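Nothing in this text is a laboratory measurement; each read-out follows from the coordinates by a stated rule. Model, not experiment: these values are computed from the prediction. Cβ atoms come from the backbone with ideal geometry, glycine included; neighbour counts cover every protein chain shown.
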Amino acid sequence: MFRYLLLALIVVPFLELYLLLAIGRQIGPMPTLAWVLVSGLVGTALSRREGRRVLRHWRESMARGQVPEEGILSGVLVLAGGVLLVIPGVITDVVGLLLLLPPVRRLISARVRRTLERKVRAGSMHVTTFGGGAFGGGFHASVGGPFPGGPVPRSPRTGALEPDAGGTEARRPQDPQPEVDAEFTEEEPRRS
């Protein structure tokens, strides 16, 4: 994966420069410069709008007590799309615009989620959560990820639970339903 990223960081700037020069020869330097500036401004405006939309949907879902349909990855993809639109170039503009489209973000998010789920289930990736204070009291290491009843990593040699970084055995939290002491008030949603 690192090799592909490094290759992209080396190759893409040269491709972008080549394409900008080729377009500049065809339509002239001033229209090319104007296109670069306009795409940067449009990218900034679109990413702000989409970012606000994602955040608004998050807030509405959380206010209804539901899990947001668009995950954190969707917000990250909006940010990446905006950054790519600000970077001058044809390839980055096309990819940036694609990342700002909700159907494309849903497609990418679903693929990333499936990949992560597969890795967690296969045991090649471990997810550890830490709870404490008002949310469960004390330190707990939850191994196996967000899937109830998911695999607990075991040593391939001995079959025992794998130790965590501190040398103690990893274990699931004792209290499956931690108690949260909180007060809630209903407020009218703010309109922006």
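So the values come out like this:
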quantity	calculated
Point-charge dipole on Cβ atoms (K/R +1, D/E -1) for region 2-120, about Cα centre, debye to 20	460 debye
Overall form of region 2-120 per C-alpha gyration tensor (a/c, 1.5; a/b vs b/c)	oblate
Which of 91, 72, 43, positive extreme of dipole for region 35-108 (C-beta unit charges)	72
Rg to Rh quotient for region 26-95, alpha carbon positions, Kirkwood Rh	1.18
Segment residue 187-residue 121, extension gain: residue separation times 0.36 nm, minus the distance between their alpha carbons	19.7 nm
Order of 2, 14 under a 10 Å beta carbon neighbour criterion, fewest first	2, 14
Gained length - residue 26 relative to residue 10, 0.36 nm times residue gap less alpha-carbon distance	3.2 nm
Neighbour-count order for 4, 18, fewest beta carbons within 10 angstrom listed first	4, 18
Footprinting exposure proxy for 32, 92 (fewest neighbouring C-beta atoms within 10 Å first)	32, 92
